[in-house]
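In what follows, a single structure is set out as structure tokens and then discussed.
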Amino acid sequence: MIRKATDIFSEWASIGKDEGMQRNHWNAVKKMFQILNKDQSQSFSFIDAGCGNGWAVREMLKNPLCLYAMGVDGALGMIERAKKLDPNGNYVFKDLMEWEPKTLVDMVHSMEVIYYFNDPKKIISHMKDKWLKPNGKLIIGLDFYKENMDCHNWPKKLNTKMTLLSIKEWIQLLKNCGLEDVKSYQTNSSDSFEGTLVLYAKKLN
């Protein structure tokens, strides 16, 4: 039976694998934060979509311009872990497709999450329409994409559904969602790794 990704991540949180995810993703997320914060001179609010144990939320809050940051995740185990690590933090257990923030934010960040959705366009459009302010920034990190051949066996390995698209297809998908200024980067690439695909875009209205 195909497993839900959120169940897998809850299980991982219970055995401490969230710490390994944090270490493995840190260099890519650091680059994503640099992209988000480039030319950022005003204070801002931030949501981490699929926040795991909340480490990226806590990192972003170290930026003095970040007035508010929160995380949302559909894996209960991850949210429980986030709240244990940061009792005063703002972490919400909710299906990303069903959740809306009380107020729109300036930045939405998501690392290694979006391809677990059967319809990535639907969740990205939801974030654009229901989460982001006008002129808000969206940044997405993905290790699962067509050009990274080593990842193609992940759905079978984890026994869960994933959506595999090429870089060109991801860029077009963001444009089809009505996002503007779409850019792509491959960060932390090496002889043995194609790199994390980073997608950046803005909501202009």
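Only one of the listed residues (E19, E11, E112) is in contact with an Asp or Glu (Cβ under 7 Å, 6 or more places away or on another chain) and either at pLDDT below 95 or closer than 19 Å to W154 by Cβ (or both). That residue is E112. Taken over segment 33-81, the residue count meeting the criterion of being small (G, A, S) and surrounded by fewer than 17 Cβ atoms within 10 Å (Cβ to Cβ) is 2.
Scanning segment 61-107 for residues that are within 16 Å of the chain's Cα centre (by Cα), of a type in the set (G, A, S) and farther than 12 Å from A13 by Cα gives A69, G71, G74. Is it true that F33 is part of a helix (DSSP H, G or I) and closer than 21 Å to V198 by Cα? Against the criterion (part of a helix (DSSP H, G or I) and closer than 21 Å to V198 by Cα), F33 qualifies.
Just one of (1) out of contact with any Leu (no Cβ under 9 Å at 6 or more places or on another chain); (2) farther than 26 Å from K183 by Cα; (3) assigned to a loop (DSSP other than H, G, I, E, B) fails for G89. It is (1).
Flag not set for D18, criterion: surrounded by 14 or more Cβ atoms within 10 Å (Cβ to Cβ), free of Cβ contacts under 8 Å to residues at least 60 places away in the same chain and more than 26 Å from K202 (Cβ to Cβ). Taking first residues from segment 181-193 that are among the β-branched types (V, I, T) and partners that are in a strand (DSSP E or B) and surrounded by 11 or more Cβ atoms within 10 Å (Cβ to Cβ), the Cβ contacts under 8 Å between residues at least 6 apart in sequence or on separate chains come to V182/L199; V182/Y200; V182/A201; T187/T196; T187/V198. The listed residues are E147, E112, E80, E98, and the only one of them that is in contact (Cβ under 8 Å) with a residue 40 or more places away in the chain, over 23 Å from V198 (Cα atoms) and charged (D, E, K, R) turns out to be E80.
All conditions in (1) touching a residue at least 40 places away in the same chain (Cβ under 8 Å); (2) touching a helix residue (DSSP H, G or I) at 6+ places or on another chain (Cβ under 8 Å); (3) among the β-branched types (V, I, T); (4) within 16 Å of V57 (Cβ to Cβ) hold for V105, with the sole exception of (2). Restricted to segment 121-205, the set of strands (runs of 3 or more DSSP E) holding at least 1 residues that are exposed (fewer than 14 other Cβ atoms within 10 Å of the Cβ) comprises 132-142, 180-187. A count restricted to segment 75-110 and to residues that are over 23 Å from R3 (Cα atoms) and among the hydroxyl-bearing types (S, T, Y) stands at 2.
The values are calculated or read from the model by the stated rules, or taken from the named source; none is laboratory data. From a predicted model like this one, the values you see are computed outputs, not experimental measurements. Neighbour counts are summed over all protein chains in view; Cβ atoms, including those assigned to glycine, are modelled from backbone coordinates with ideal geometry.
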